[in-house]
Amino acid sequence: MVDKQIRETINEWVGAANRVAVLTHTNPDGDAIGSSLALALALNKMGVETNVVIPDGLPDFLRWLPGIERSTTFKYKQEKAIKIIEGADLIFCLDFNDPERLNGMQTYLFQSEAKKVLIDHHEDPVDFADITISETWRGSVGEMIYLLLEEIFQENILDKDIATCLYVAIMTDTGNFNYASSYPEIFHIVGDLMHYDIEKDRIYSNVYDAFSEDRIRLQGYCMLEKMVVLPQYHTAYISLTDKELRKFNHRKGDTEGFVNLPFSVKGIKFTALFVEKKDRIKVSLRSRGNFPVNRIATEHYHGGGHVNAAGGDSFRSMEETLSLFESLLPHYADLLSNT
Ligand code: 5GP
Ligand code: MN
């Protein structure tokens with residue numbers, strides 16, 4: 001529940017806005033895209049021209065979402081993206097706590113004199129917006145947009161398309177209600193979304209059963225050849241070099257979700273995925289229970305995130321990165337045993 005005065009101010013700003021931009025984070029996930037499209041669809045429905053700008057690659061499994069034509073990718077259509085940001089008199093920033101996560105777009109955000117509203121669920125948001133709504137206990141920004149639409153813009157704005165986007169946001173950021181969702185309100189929200197005739201099973205299938213044959217074979221390769229299990233630390237990790245990715249005709253988004261696979265091994269509480277990029281190694285970290293992977297991401301990988309899902313980068317070789325990772329584990333052995 002957002003403070004009454006904040007609600008009124010946002011409502012006022014939306015009422016006064018000619019053009020709105022919705023920005024979300026680099027390497028956008030289901031929550032980033034689902035929340036942004038839901039907000040854009042709702043505002044457009046209210047007669048306020050609203051566009052979504054994402055820093056880079058939209059994953060294929062989200063391309064079917066309603067309202068996707070309202071999104072522009074900064075990396076590929078820079079001129080258009082900048083125009084949208086510069087032309088906006090109100091900017092919503094969704095699902096990130098630090099403008100650095102805009103991957104270059106932040107220059108235009110800072111230059112803009114538009115009112116800025118940050119809506120996020122990551123810890124310690126940077127103070128850059130005029131209004132910050134930060135609810136770190138929520139599983140997704142999707143819930144926050146649902147409440148915003150309900151509390152601020154009032155009844156009758158939701159429809160099947162908006163509800164579908166919100167459901168994708170909530171479903172993906174909780175790993176299909178696997179984590180970050182153990183509180184009643186999330187199911188009340190989902191229950192309400194069902195009233196708009198969303199096709200829950202088809203949505204699941206669109207998002208999770210949309211892989212290429214290459215991707216599934218890459219997954220098999222990871223499980224067979226690349227997963228390292230360290231039972232004494234309740235930890236397992238997977239690493240993939242660029243060469244390996246190319247062998248499986250890797251496409252953007254193909255390694256999404258791999259980090260969760262080792263949890264199926266009994267006793268695993270901490271997982272990591274290391275993926276070689278051009279100039280760095282992308283590190284994804286996940287945990288079960290209260291082992292704080294955001295602490296690991298901040299302390300060792302220039303990153304951040306949530307208690308159970310975080311990420312960052314390593315600028316060492318893959319070999320060094322992996323041996324360094326293994327050398328960290330003894331320091332967290334107690335914490336890993338007791339969570
Ligand atoms: P993923 O492993 O899926 O890329 O990221 C999981 C979560 O970790 C994201 O939702 C985000 O909160 C956080 N995260 C990932 N990479 C970074 C990063 O480089 N910096 C920060 N601050 N957070 C990150
Ligand atoms: Mn999120």
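The values are calculated or read from the model by the stated rules, or taken from the named source; none is laboratory data. None of the values given here were measured: they were computed from a predicted structure. Because the Cβ atoms are built from the backbone with ideal geometry, glycine has one as well, and the counts that use them run over all protein chains shown. Heavy atoms of the whole protein, side chains included, go into the accessibility calculation; ligands, DNA and RNA do not. Shrake-Rupley method; radii C 1.70, N 1.55, O 1.52, S 1.80 Å.
Overview of values
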quantity: Size of electric dipole in segment 14-63: Cβ of Lys, Arg +1 and of Asp, Glu -1, about Cα centre, debye, nearest 20; calculated: 240
quantity: Globularity ratio of segment 205-339, using Cα Rg and 2.2 N^0.38 Å; calculated: 1.01
quantity: Surface per residue (accessible, 1.4 Å probe) for segment 213-338, Å²; calculated: 52
quantity: Proximal charge balance of Tyr183 [Cβ under 12 Å; K/R count +1, D/E count -1]; calculated: -2
quantity: Dimensionless Rg over Rh [segment 57-132; C-alpha; Kirkwood]; calculated: 0.96
quantity: Max mean-square fluctuation residue, GNM over the chain, Cα-Cα springs under 10 Å, options Ala21, Ala210, Ala114; calculated: Ala210
quantity: Cα-based convex hull volume of segment 192-233 per residue, rounded to whole Å³; calculated: 104
quantity: Counted charge near Lys115, where neighbours are those whose Cβ lies closer than 10 Å (Asp, Glu -1; Lys, Arg +1); calculated: -3
quantity: Accessible surface of His302 - all protein chains present, 1.4 Å probe, nearest 10 Å²; calculated: 140
quantity: Solvent-accessible area per residue, Å², over segment 13-79 with all protein chains present [probe radius 1.4 Å]; calculated: 36
quantity: Residue-averaged [θ]222 nm for the chain, counting only DSSP H segments that reach four residues, each worth -39500 (n - 2.57); calculated: -11500 deg cm²/dmol
quantity: Inter-part distance where segment 278-339 and segment 22-75 are each reduced to a Cα centre, Å; calculated: 29
quantity: Accessible carbon and sulfur surface of the chain relative to its total accessible area, %, 1.4 Å; calculated: 46
quantity: Solvent-accessible area per residue, Å², over segment 94-189 with all protein chains present [probe radius 1.4 Å]; calculated: 41
quantity: Over 19 Å (Cα to Cα) - which of Lys247/Lys277; Lys83/Lys282; Lys116/Lys282; Lys243/Lys282; Lys80/Lys252; Lys252/Lys282 fall in this group; calculated: Lys83/Lys282; Lys116/Lys282; Lys80/Lys252
quantity: Proximal aspartates and glutamates relative to Lys269, as straight alpha-carbon distance under 17 Å, when same-chain residues fewer than 8 apart are discounted; calculated: Glu326, Asp334
quantity: Residue-count net charge about Ile131 - beta-carbon cut-off 12 Å; Lys, Arg +1, Asp, Glu -1; calculated: -3
quantity: Test item: Cα-centred dipole of the chain, Lys/Arg +1 and Asp/Glu -1 on Cβ, debye; calculated: 1040
quantity: Normalised per residue, the volume of the convex hull around the Cα set of the chain (Å³); calculated: 134
quantity: Space enclosed by the convex hull of the alpha-carbon atoms of segment 23-83, per residue, Å³; calculated: 70
